[in-house]
Amino acid sequence: MVLDGTARRFRRGVNFGNALDSAREAPAGLLLGERHLDVARDAGFDLIRLPVRWSAWADPSAPHLIEPGFFDRVDLVINGALDRELTVVVNVHHYDELQRVPDEHEDRFVALWRQISARYAGYPTTLWFELLNEPRDAMTARRWNRLLSRTLAVVRERNRDRTVVIGPVQMNGFAALPDLELPADDHVAATVHYYEPMTFTHQGAAWTPGADRWRGTTWGSDADRDAVRSDLARAAAWAHQRGVELFVGEFGTYDQADLASRVAWTRYVRWQAEQLGLSWCYWDFGTDFGVYDPGSGSWREPLRQALLDPG
Ligand code: BGC
C-alpha cells in the first residue's frame, strides 16, 4: 500500500476521541468543531482518526438504517478534515454488544458497513475505513477473522481502492497480531494500539480494573525503553513479513500520570514508530489523555512538542 504519494512514508495523527463515539445519552467529552480541525492541521498533524459509535444511531431491526441526522454530523467532520487535506480514519467504535453477543450483532455490523461504504464511495482515497475498534471479549480471533473478511468483501463492492485498516483481537494488542488473518488485498493496512505498560499509561483510569493501585508509576528507565523498542519492532516485523503497512492507531497516557513521564513516553513511542516508518495517531486530542485543552484553547505544550517537534 502506498500512502498517497507523500515523500515521508508515515503520517502523524491525533484521535478525536470521546466526541462522536460518546454514548448517545451522555454528553460528549469533546464538542468537536471545525476550529479543532484547524488547530490540529496548523500544528502539523496530517491525519485524524474519528471514532464513531454508529451502533447507537442505527435501527435495531433490519436493514439497520443509520439515522440521517447522525450521518450528517459525521459528514461535517469528514468533509471538514478532507477540505483541510487531512487524512481521515473513520471507524466503528464502542460496538460493545457486538463484542459481547456477536451472534446477535454480526449482521447488523455488516449492515452498518454497507451503509458507510455506500455513503462515502465517491470520496478521495485520503478517507480510510477502520472496521472495528479493539475486538475483544466474545469476539475471538477465529470469529473476527471470519467477520472481517465478510465485511471487507462488502466494503470492496463500492470502495475498491480505499485503505481499510484492520487490527487484531485483544483490543488491538500487538501480541495478538499473529492471530490476525488479513485477506489478500493491496489496500488493507494493519493497526495496533500501544499503551504498554498499562500500569503506567492507565494509572487511575476508572474503566481499567486495578488502575487505582498503579498511581505513582513513573516511566523512563533503560528497561522501560527497551521494552517499548522491542514491542514496536516485533509488531513492525510482523507487518513487514506480510507486506502490509502498520498503523499505530492509538497510543497515549492518562492525565493521572506525572507529566515528565508522560512526555518521555510519548516522545519515545513516537520516535520508535517513526524509526520503523509507522504512521501513528495519538489518543487523544482534547479529553482525558489530551494533547490539547479545549477549555483554554491551548496545546499542552510539552505533549505537543513530544509528538510534533523535529527529532
Ligand atoms: C477508548 C477510550 C479510552 C482509550 C484508552 C479507546 O479505545 O475508546 O474510551 O479512553 O481507548 O483506554
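Collect the residues in region 169-198 that are more than 30 Å from Y254 (Cβ to Cβ) and in a loop (DSSP other than H, G, I, E, B), keeping them in residue-number order. Steps first, please.
From region 169-198, those more than 30 Å from Y254 (Cβ to Cβ) are 181-188; that's our starting set.
The answer is E181, L182, P183, A184, D185, D186, H187.
Any chance region 110-132 includes a residue that's within 16 Å of the ligand (Cβ to nearest atom), at negative phi, open to solvent by less than 40 Å² (accessible area, probe 1.4 Å) and in contact with a helix residue (DSSP H, G or I) (Cβ under 9 Å, 6 or more places away or on another chain)?
Initially, region 110-132 is screened for residues within 16 Å of the ligand (Cβ to nearest atom), giving 130-132.
With the extra rule that they be at negative phi, the set shrinks to 130-132.
Narrowing the set further to residues that are open to solvent by less than 40 Å² (accessible area, probe 1.4 Å) leaves 130-132.
From what's left, in contact with a helix residue (DSSP H, G or I) (Cβ under 9 Å, 6 or more places away or on another chain): 131-132.
Yes - at least one qualifying residue is present in region 110-132.
Just to check your reading of the model, which residue among V263, V248 is touching a strand residue (DSSP E or B) at 6+ places or on another chain (Cβ under 6 Å) and β-branched (V, I, T)? Walk me through it before giving the result.
Numbers: V263 fails: touching a strand residue (DSSP E or B) at 6+ places or on another chain (Cβ under 6 Å).
None of the other options fit; the residue is V248.
Identify, by number, the condition in (1) open to solvent by less than 10 Å² (accessible area, probe 1.4 Å); (2) part of a helix (DSSP H, G or I) that F247 doesn't meet.
Failing condition for F247: (2).
Just for helices (runs of 4 or more DSSP H) wholly inside region 81-168: which have at least 1 residues that are over 24 Å from W283 (Cα atoms), in contact (Cβ under 8 Å) with a residue 60 or more places away in the chain and among the small types (G, A, S)? Before the answer, list the steps.
Values: elements: 96-100, 102-119, 141-158.
In region 81-168, there are no helices (runs of 4 or more DSSP H) which contain 1 or more residues that are over 24 Å from W283 (Cα atoms), in contact (Cβ under 8 Å) with a residue 60 or more places away in the chain and among the small types (G, A, S).
Can you tell me which residue within region 65-79, out of those that are among the aliphatic types (A, V, I, L, M) and within 19 Å of D38 (Cβ to Cβ), is surrounded by the most Cβ atoms within 10 Å (Cβ to Cβ)? It would help to see each step written out before you state the result.
Start the filter on region 65-79 by keeping residues that are among the aliphatic types (A, V, I, L, M), which leaves 65-66, 74, 76-78.
When the remaining residues are screened for being within 19 Å of D38 (Cβ to Cβ), the result is 74, 76-78.
Numbers: V74: 19, L76: 14, V77: 22, I78: 20.
Within region 65-79, the match that is surrounded by the most Cβ atoms within 10 Å (Cβ to Cβ) is V77.
Listed residues V155, V165; which is within 16 Å of the ligand (Cβ to nearest atom) and either within 16 Å of V90 (Cβ to Cβ) or surrounded by fewer than 22 Cβ atoms within 10 Å (Cβ to Cβ) (or both)?
Working: V155 fails: within 16 Å of the ligand (Cβ to nearest atom).
On inspection, the qualifying residue turns out to be V165.
So which residues in region 133-152 are among the aliphatic types (A, V, I, L, M) and open to solvent by less than 10 Å² (accessible area, probe 1.4 Å), if there are any at all? Give the derivation first.
Restricting attention to region 133-152, the residues satisfying the condition of being among the aliphatic types (A, V, I, L, M) are 138-139, 141, 147-148, 152.
Within region 133-152, M139, L147, L148, L152 meet the criteria.
Kindly list the number of the only condition in (1) in contact with a strand residue (DSSP E or B) (Cβ under 9 Å, 6 or more places away or on another chain); (2) assigned to a loop (DSSP other than H, G, I, E, B); (3) within 18 Å of L127 (Cβ to Cβ) that fails for R9.
(3)
Could you please let me know if V77 is among the aliphatic types (A, V, I, L, M) and within 23 Å of M171 (Cβ to Cβ)? So that I can check it myself, show each step before the final result.
On the way: among the aliphatic types (A, V, I, L, M): yes; within 23 Å of M171 (Cβ to Cβ): no.
Against the criterion (among the aliphatic types (A, V, I, L, M) and within 23 Å of M171 (Cβ to Cβ)), V77 does not qualify.
From the list M171, M198, exactly one residue is open to solvent by 40 Å² or more (accessible area, probe 1.4 Å), closer than 23 Å to F129 by Cα and within 18 Å of the chain's Cα centre (by Cα). Which is it?
Values: M198 fails: closer than 23 Å to F129 by Cα.
Exactly one of M171, M198 is open to solvent by 40 Å² or more (accessible area, probe 1.4 Å), closer than 23 Å to F129 by Cα and within 18 Å of the chain's Cα centre (by Cα), namely M171.
What are the residues in region 287-311 that are open to solvent by less than 10 Å² (accessible area, probe 1.4 Å) and within 16 Å of the ligand (Cβ to nearest atom), if any?
Within region 287-311, the first condition is being open to solvent by less than 10 Å² (accessible area, probe 1.4 Å), and the residues that meet it are 289-291, 303, 306-307.
Answer for region 287-311, where residues must be open to solvent by less than 10 Å² (accessible area, probe 1.4 Å) and within 16 Å of the ligand (Cβ to nearest atom): F289, G290, V291, L303.
Looking only at region 212-231, which residues are within 23 Å of the chain's Cα centre (by Cα) and over 14 Å from R267 (Cα atoms)?
A227, S230, D231
What pairs come out if I take residues in region 241-265 that are in contact (Cβ under 8 Å) with a residue 60 or more places away in the chain and pair them with residues that are among the basic types (K, R) whose C-beta lies under 8 Å away, six or more apart or interchain?
Final answer for the pair search is G249/R49; E250/R49.
Every residue in region 247-286 that is within 16 Å of the ligand (Cβ to nearest atom), among the polar types (S, T, N, Q) and under 18 Å from the mean Cα position of the chain (by Cα), please.
Of the residues in region 247-286, the ones within 16 Å of the ligand (Cβ to nearest atom) are 247-257, 262, 265-266, 269, 280-286.
This time we only want the ones that are among the polar types (S, T, N, Q), so: 253, 256, 266.
The answer is T253, T266.
Checking the conditions here, which among A239, A206, A223, A235 is crowded, with 18+ Cβ neighbours inside 10 Å and farther than 23 Å from T125 by Cα?
On the way: A239 fails: farther than 23 Å from T125 by Cα; A206 fails: crowded, with 18+ Cβ neighbours inside 10 Å; A223 fails: crowded, with 18+ Cβ neighbours inside 10 Å.
One residue alone meets the criteria, A235.
The values are calculated or read from the model by the stated rules, or taken from the named source; none is laboratory data. Quick caveat, the model's predicted, so the values are computed rather than measured. When we count neighbours, we look across all protein chains shown, and the Cβ atoms used for this are built from the backbone with ideal geometry, even at glycine. These area figures cover heavy atoms from the full protein model, side chains too; ligands, DNA and RNA do not enter into them. Shrake-Rupley method; radii C 1.70, N 1.55, O 1.52, S 1.80 Å.
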